[in-house]
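Enquirer: Submitted below is the structure of interest, expressed as C-alpha cells.
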C-alpha cells in the first residue's frame with residue numbers, strides 16, 4: 001500500500017463523523033477471542049440501567065475494544081498490508097468506534113439518571129426536614145393548617 005493510501009485511511013478513521021451510518025460489526029476478534037459484538041452492545045443498551053456487576057463487564061469490554069482499535073490502527077500505519085486489507089481494517093476500526101460510542105453514551109445516560117434520582121431524594125429529604133422544623137410533620141402535602 002502506498003503512503004498516501006495509508007494517510008487517507010488514517011484520516012478516514014479519525015474523522016469526527018466517521019461512525020455516522022456505520023453498523024457495529026456482528027462479530028470481532030479481540031485479543032484472540034471472537035466476540036459477538038453487536039449482540040453484546042444491544043444486550044447492554046436494552047437495559048435502562050446497568051447493574052454494578054455488569055458495569056465491570058462493560059468497562060472491561062470498552063478497555064479491550066480500545067486496545068484492539070489501537071492494534072488495528074497500528075497495522076494500517078505500519079503493517080505490511082495491501083489496499084484491500086487496509087480498507088477492511090479501517091472498516092473494522094470504525095465499527096469498533098461505533099460500539100464504543102454506543103457503550104459510552106449508555107454510561108452517560110446512567111450518570112444522568114443517577115443524578116436525577118439523587119436530586120429527587122435530596123429534595124424529598126429537604127421537604128421532610130422543613131415540615132419537621134415548621135411543625136407540619138403530620139401534613140404530607142406541605143399545606144399549612
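Enquirer: Hey, what did the range 3-115 get for relative contact order, percent, Cα under 8 Å, at least 6 apart?
Expert: 39
Enquirer: Using only Cα atoms and rounding to the nearest 10 degrees, what angle (0 to 90) does helix 37-46 make with the longest principal axis of the chain?
Expert: Relative to the chain, helix 37-46 is tipped by roughly 10 degrees.
Enquirer: So for the range 3-115, Kirkwood radius off the Cα pairs, Stokes-Einstein at 37 °C and 0.692 mPa s: how many µm² s⁻¹?
Expert: 220
Enquirer: If you don't mind, there's one more thing I want to ask. Given the -39500 (n - 2.57) contribution per DSSP H run of 4+ residues, what per-residue ellipticity at 222 nm results for the chain, rounded to the nearest 500 deg cm²/dmol?
Expert: -24500 deg cm²/dmol, from helical runs alone.
Enquirer: A further question on this structure: Looking only at the range 16-45, which residues have a backbone nitrogen under 11 Å from a spot 7 Å from the Cα of residue 116 in the C-beta direction?
Expert: Hits in the range 16-45 for residue 116 at 11 Å: none.
Enquirer: Ok, one more. Could you compute the FRET efficiency for residue 101 and residue 4, with r as their C-beta to C-beta distance and R0 at 35 Å, rounded to 0.05?
Expert: Step by step, r from the Cβ atoms, then E = 0.80.
Bear in mind these aren't lab numbers, they're just calculated from the coordinates by the rules spelled out. Remember, predicted model here, so these are calculated numbers, not experimental data. We place every Cβ from the backbone using ideal geometry, glycine too, and count neighbours over all the protein chains shown.
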